[in-house]
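The values are calculated or read from the model by the stated rules, or taken from the named source; none is laboratory data. Keep in mind that this is a model prediction, so the values were computed, not measured. Here the Cβ positions follow ideal geometry from the backbone for every residue, glycine too, while neighbour counts run over all protein chains shown. Protein only, heavy atoms only, side chains kept; ligands, DNA and RNA dropped before computing areas. Shrake-Rupley method; radii C 1.70, N 1.55, O 1.52, S 1.80 Å.
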There are 2 protein chains.
Amino acid sequence: MSETKNPGISRRLLLTGAGAGGAGLAVGALAAAAFGGQLPQKPAADTVDFYGEHQAGITTEAQDRMHIVGFDVTTKDRGRLIELLRDWTAAIEQMAAGRPVGGGGSYDAPPEDTGEAEGLSPAHLTVTVGFGRSLFLDEHGKPRFGLEGKLPEALIELPHFSGDMVEEARSGGDIVVQACANDPQVAVHAIRNLSRLGFGTVRVRFSQIGFGRTAKTTSAQQTPRNLFGFKDGTANILAEDADALAEHVWVGAGSDQPWMEGGTYLVARRIRMQIETWDRSSLREQENVVGRIKSTGAPLSGGEEFSEPDFAMAGSAGPLVPVDSHVAVLHPSAHGGARMLRRGFNYTDGSDGLGRLDAGLFFIAFVVDARTHFVPLQQAMSANDAMNEYLRHTSSGLYAIPPGIQPGQYLGQQLFEG
Amino acid sequence: MSETKNPGISRRLLLTGAGAGGAGLAVGALAAAAFGGQLPQKPAADTVDFYGEHQAGITTEAQDRMHIVGFDVTTKDRGRLIELLRDWTAAIEQMAAGRPVGGGGSYDAPPEDTGEAEGLSPAHLTVTVGFGRSLFLDEHGKPRFGLEGKLPEALIELPHFSGDMVEEARSGGDIVVQACANDPQVAVHAIRNLSRLGFGTVRVRFSQIGFGRTAKTTSAQQTPRNLFGFKDGTANILAEDADALAEHVWVGAGSDQPWMEGGTYLVARRIRMQIETWDRSSLREQENVVGRIKSTGAPLSGGEEFSEPDFAMAGSAGPLVPVDSHVAVLHPSAHGGARMLRRGFNYTDGSDGLGRLDAGLFFIAFVVDARTHFVPLQQAMSANDAMNEYLRHTSSGLYAIPPGIQPGQYLGQQLFEG
């Protein structure tokens, strides 16, 4: 639409009073000032601190909605990549505080913020950024962005697990960005505005919406139910458990890459549930598969939800908690004490061509080292877990999550300047 | 898993106390009683009446989340189809009241309810059921289910509109079921349990999740913003406006099919927004496309959000509200006064292969007759609306929504027994 077609800003602003400063606006004031001028101020509550020792969105009490995106970096220019990380840092700081992205603009430029979160609460928005192995090494093993020597040993290529039906287009990626909020529009707004800032530098590789957290993440939070109808994440590491976090989640001072100190690793797996099959299995079968009572979440060996399962307790026909049940196969006692901080979400993505809903769990876990805290567990699960019959893993990703930052720093600065 | 592998219900129930009646349960009590026995009772609040003159989910204050599914009927047996509608009616009544589906079951049968909504509020769940033209006539024009003579004239095949890129697999369907709630898990639970009841009778044709309503639906509700960042649905028909509902939404006594009296028609269009293109257009362009101020929602001719646009008001270069703006092209004054009850949702469905987010509006409108209240408006929009440049219509559907029912009746009874 041409500029002459409409008399434009000055007339309209004068007519509607949508301006912060009358005549000044008529000769080219900042659109953002006008844009913000008539909107209600957002509440300062409902915010999660963006800055800190660790990134937000890891031990933050799990929100109800998630939008996670894997990006591939399309530039070869290290400076441009760093510039994007700076831009993202500034934008995330603004959005986490409930402010629009950007600082101004004119009527003849695109708005710096896309606008759909205007008037909404920040809804506990957190944005968590991490780096895939492919950011460090290309598919031929050649270093990228001068990051040779910075690849953590723990940032392995995840192996193929028995039964995996992984789709490459949903997996991996150079950069992962996880946005969580209690309002889906706020999470989507965050990802969209970061994607927009990344235009010409990164390209969306995959994008996934999730809802209804699938783990208890603080002592105050109730344990939610997953799409199998069972309580999930009963034995999760809680935000208050500093010892468990130090042991199982945060990378300590002794790692091979000092820039990862205070960071962690994010494991992502899109796990489609064969819910039509599950829904036709008996309650007895379902409880034996999970190893827990469906109504209460208590282990089949008795007690209540938070009772430790007793794998030795036997009935007339064998252990009350079957040896191939999910809880038995993945219990820390079978894996040298290894525990994960789980923080996944349910998903429902339309239907497949066979008249079935495409639904399941977008599994997210934060671990200190996937080699000890994820791979052996997933191997055990794919080999022995009775639940496998009802699952199909359709994506796989592992990302190094750098530590948090302080004001003035940018996300990933420890990697690029450490 | 065999029955002998685990000593099963009696042992476990006795061990955990998860039963309502001790020894009675040990010899085969209802699993549902045990399942429900230890769970907190759901609040009676947060419910929407299922029974009434009209179906719920039309004038109900729009909830924040939606799961809509199109089903194809795979049986040729009219009795079986009616049986399904009876089963659905019973299940919807239970779920709308916050109760699990079904009345019982045994440990050796699949649970009648899939369980993932246990412990959640009913979250204002509404489920709205409608019938597509293909339920009445097959692709060769032959009657199905003895419904010859029952096809309303208004249940037309929607025409192809200029620029449509409609995917058949996302469109049409014999039956549509719209579940709305303020908790996505509650909406998903409803659709999943209805799909499950329909196994062998219907097959999922398409399934769509939406969030963040895109219209103001009651006088108390704020106008939300769509993914273009603009307030949407400012001039919508409100639930309190009985005269407008009678004129533009509810089918009256004089229609050609008496069974539709008190019913309406649902138009569904999945409208992908080219958000990357939109996000690169200037604020001036965006406002000229919409015809409204982005910050306030006021028409470009002045006033505030709810001011009527003045299409005659001209500036030095033409009308302040451009003639090809969305508000000008679709205004009732251009369409014989026709208005719609809009009740759509935003969607974000991952990304396409080109690194762009697949996001937009799942448009839903309820109208008394699509021939007067939708087709001419869509034709005008596809021919003249400046917004088209940023939209791609990827699905299309029209469904007859029968009136509401009273206890003892089943959804669609007016059609099959009227």
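Brief remarks follow.
- For chain B, the longest principal axis of the alpha carbon atoms and the long axis of helix B:78-96 meet at an angle near 90°.
- Rounded to the nearest 20 debye, the dipole size of the protein assembly as shown about its Cα centre is 480 debye, using +1 on the Cβ of Lys and Arg and -1 on the Cβ of Asp and Glu.
- Taking amide H as placed 1.01 Å from N in the peptide plane, the amide H of residue A:236 sits under 5 Å from that of A:216, each at least 5 places away or on another chain.
- The mean sequence separation of alpha-carbon pairs under 8 Å and at least six residues apart, normalised by the residue count of chain A, gives a relative contact order of 22 percent.
- Distances in nm from residue A:97 to the matching label points in the other copies, shortest first (labels 7 Å along Cα to Cβ): 5.2
- Derived scalar couplings ³J(HN,Hα) [segment B:116-129; Karplus, 6.51 cos²θ - 1.76 cosθ + 1.60; whole Hz; x for Gly, Pro]: 6, 9, 4, x, 8, 5, x, 6, 6, 4, 10, 10, 10, 10
- Drop in accessible area of at least 20 Å² in the complex versus isolated chain, residues of segment A:150-184, 1.4 Å probe: A:184
- Shielding by partners, peptide B:58-68 (average Cβ within 10 angstrom, other chains): 1
- Label-to-label distance, residue B:317 versus residue A:242, with points set 7 angstrom from Cα along the beta-carbon direction: 6.2 nm.
- Here the protein assembly as shown has 51 percent of its accessible surface on carbon and sulfur atoms, given a 1.4 Å probe and all protein chains in place.
- For chain A: lysine pairs under 16 Å (alpha-carbon distance), excluding those fewer than 8 apart on one chain: 4
- Copy-to-copy label separations for residue B:144, where each label sits 7 Å from Cα toward Cβ, in nm and ascending: 4.8
- The HN-Hα couplings worked out from phi for segment A:97-103 by the Karplus form 6.51 cos²θ - 1.76 cosθ + 1.60 (θ = phi - 60°) are 8, x, 9, x, 6, x, x Hz, whole numbers, x standing for Gly and Pro.
- Cα centroid separation, segment B:328-363 to segment A:350-415 (Å): 34 Å
- In segment A:263-282, the residues that give up 30 Å² or more of accessible area when the other protein chains are added, compared with the chain on its own (1.4 Å probe), are A:279, A:280, A:282.
- Accessible area buried between chains B and A, both sides summed, probe 1.4 Å, in Å² to nearest 100: 7300 Å²
- With Cα atoms, 0 to 90° folded angle of helix B:184-197 axis to chain B main axis: 60 degrees
- Residues of segment A:197-232 that lose at least 20 Å² of accessible area (1.4 Å probe, protein heavy atoms only) when the other protein chains are present, relative to their chain alone, are A:199, A:203, A:204, A:207, A:209, A:211, A:225, A:227, A:229.
- Positive-end residue of B:384, B:311, B:414, charge dipole of chain B with Cβ unit charges: B:414
- Axis of helix B:375-384 versus longest Cα principal axis of chain B: the two differ by about 50°, to the nearest ten degrees.
- Solvent-accessible surface of the protein assembly as shown, averaged per residue with a 1.4 angstrom probe and all protein chains in place: 36 square angstrom.
- Listed residue (B:95, B:114, B:155) projecting farthest to the positive dipole end of segment B:88-160, Cβ model: B:155
- Range of Cα positions in segment A:52-156 per principal axis (Å), largest first: 47, 40, 22
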